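Below is one structure, written out as structure tokens; comments come after it.
Every number here is computed from the coordinates shown, using simple stated rules; none is lab data. Model, not experiment: these values are computed from the prediction. When we count neighbours, we look across all protein chains shown, and the Cβ atoms used for this are built from the backbone with ideal geometry, even at glycine.
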């Protein structure tokens with residue numbers, strides 16, 4: 001991923017805890033399948049974020065990408081654009097126009113179901 005900017009989103013709550021637990025179980029039982037699903041998931045979130053991000057010049061949209069980390073067991077999705085956090089979270093002068101967090105939230109149930117299906121095989 002290009003130069004990092006100074007913000008990171010950590011998603012907490014019930015759905016995030018479920019995701020972490022399910023991925024950890026899948027990583028233990030079926031590591032290669034875990035890597036495959038995580039790659040598909042990161043790609044899905046990147047694509048969805050690019051669909052819903054507000055576009056003025058296209059710079060922010062074109063900079064959204066993912067990187068697979070920790071030997072395939074973690075993913076980081078984001079951008080190197082300096083103003084990205086202001087678009088996502090807003091400022092005192094501009095309302096928030098979230099694109100990363102909603103992309104994750106919209107994908108949780110789809111991918112939890114894929115993980116559960118794989119674990120039940």
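In the chain, the alpha-carbon atoms span a convex hull of 105 Å³ per residue. Counting only DSSP H runs of at least 4 residues, each contributing -39500 (n - 2.57), and dividing by the residue count of the chain, the helix-based mean residue ellipticity at 222 nm comes to -18500 deg cm²/dmol. Projecting label points 7 angstrom from Cα along Cα→Cβ for residue 25 and residue 116 puts them 1.0 nm apart.
Each Cα pair under 8 Å and six or more residues apart adds its separation to the average, and for segment 14-120 the resulting relative contact order is 31 percent.
Between residue 91 and residue 33, the FRET efficiency estimated from the beta carbon spacing at R0 = 41 angstrom works out to 0.45.
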